[in-house]
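The values are calculated or read from the model by the stated rules, or taken from the named source; none is laboratory data. Source: prediction; values computed, not measured. In this analysis, Cβ positions are derived from the backbone assuming ideal geometry, glycine residues included, and neighbour counts consider all displayed protein chains. These accessible areas exclude ligands, DNA and RNA; they are computed on the full protein's heavy atoms, side chains included. Shrake-Rupley method; radii C 1.70, N 1.55, O 1.52, S 1.80 Å.
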Amino acid sequence: MKSVLFPGSFDPFTSGHANLVERALAIFDQVVIGIGYNIAKPGWIPVAERVSALREFYMAEPRVKVISYDRLTVDAAREQGTRFILRGVRSIQDYEYELRLADTNRQIEGIETVILFSDIRYGHLSSSMVRELHHFGRDIMQFLPQGLKYNI
Ligand code: ADP
């Protein structure tokens, strides 16, 4: 079975992320969404809530698994039994960042990064933009995949 780890903060998980998962399922048998966290940087939505909301959202899709991890992404990938990482690129800025990450992960562990370019509908979407809109009182539901619900 060919599996890929899709690592990120997913704080929150947006329609752009969901689109990547959907497209990756056409390439891989299994997508493991890995919520990377750092105790020193708790972020916005508690990690346990990020995990449970996504598990519920993907309940009917057995080919999607949701985990959290607080170590190097390459180590989480090995632990999940894969040498593939999925990442998304929306812009030239993402490209520069992802290229450096991919080179490092291939050098230190031989992990291969698969990049999917953002869908035209979601290229402007980022978790940080969604957090900012929520902070200033705007409804963010339109930026999350339909059916994903956080208890926040
Ligand atoms: P990180 O904190 O590791 O950057 P994110 O949760 O922000 O994690 O994003 C995870 C991955 O999804 C990254 O590769 C990012 O470039 C990609 N991504 C984020 N938003 C989108 C989007 N709207 N379309 C495509 N890819 C995206």
Partner lysines whose C-alpha sits under 20 Å from that of LYS65, ignoring same-chain residues fewer than 8 away, are LYS2, LYS149
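Rounded to the nearest 20 Debye, what is the dipole magnitude of the range 57-114 about its Cα centre when Lys and Arg each give +1 and Asp and Glu each give -1 at the C-beta? Walk me through the numbers before you get to the answer.
Working: 9 positive and 10 negative charges, 31 e Å.
Here the size comes out at about 140 debye.
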Applying the gyration tensor rule to the Cα atoms of the range 62-143 (axes a ≥ b ≥ c; rounded if a/c under 1.5, else prolate if a/b exceeds b/c, else oblate), the class is prolate
When the charge dipole of the chain is computed with +1 on Lys and Arg Cβ and -1 on Asp and Glu Cβ about the Cα centre, the Cα farthest towards its positive end, among LEU133, GLY123, GLN80, belongs to GLN80
If every Lys and Arg gets +1 and every Asp and Glu gets -1 at its Cβ, then about the Cα centre the range 86-140 yields a dipole, in debye to the nearest 20, of 160 debye
Taking MET141, MET129, MET1 and ranking on accessible area (1.4 Å, protein atoms only), highest first, one gets MET1, MET141, MET129
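For the range 1-83, what number results from the quotient of the Cα radius of gyration and 2.2 N^0.38 Å?
Details: Rg = 12.2 Å, N = 83, 2.2 N^0.38 = 11.8 Å.
For the range 1-83, the normalised Cα radius of gyration is 1.03.
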To the nearest 10 degrees, the tilt of helix 47-57 (Cα long axis) against the first principal axis of the alpha carbons of the chain is 90 degrees
Taking every C-alpha to C-alpha distance in the chain and binning by 5 Å from 0, the per-bin percentages run 2, 9, 19, 23, 23, 16, 7, 2, 0
Asserting the computed 222 nm helical MRE of the chain (DSSP H runs at least 4 long, -39500 (n - 2.57) per run, divided by residue count, to nearest 500) equals -11000 deg cm²/dmol
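Looking at the chain, send over the antiparallel percent of its DSSP beta bridges, to the nearest 5. Intermediate values should be presented prior to the final figure.
Details: 1 of 20 bridges.
About 5 percent, rounded to the nearest 5.
By the gyration tensor of its Cα atoms, with a ≥ b ≥ c the square roots of the eigenvalues, what is the shape of the range 1-46: rounded for a/c under 1.5, prolate for a/b over b/c, or oblate? If you can, show how the numbers build up before the last one.
Details: a/c = 4.67, a/b = 1.86, b/c = 2.51.
Oblate, since a/c reaches 1.5 and b/c is not below a/b.
Is the range 28-72 best put as rounded, prolate or oblate by its Cα gyration tensor, with a ≥ b ≥ c the root eigenvalues, rounded for a/c under 1.5, and otherwise prolate when a/b is larger than b/c, oblate when not?
Values: a/c = 4.08, a/b = 1.65, b/c = 2.47.
The shape class here is oblate.
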As straight-line cross-link partners of LYS41, the qualifying aspartates and glutamates (C-alpha separation under 13 Å, not fewer than 8 residues apart within one chain) are ASP11, ASP70
Answer in debye to the nearest 20: the dipole magnitude of the range 1-150 about its Cα centre, from +1 Lys/Arg and -1 Asp/Glu charges placed on Cβ, is 120 debye
Filtering trypsin sites (Lys or Arg not before Pro) in the range 15-92 by DSSP loop and by at most 13 other Cβ atoms within 10 Å leaves ARG71
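Quick one: net charge of ASN151's neighbours, Cβ under 15 Å, K/R +1, D/E -1? Can you show the working numbers first?
Values: positive: ARG50, ARG55, LYS149; negative: ASP11, GLU49, GLU56.
Surrounding charge for ASN151 is 0.
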For the pair GLN142 and GLU22, the simple spin-label estimate (label points 7 Å beyond Cα toward Cβ) gives in nm 1.8 nm
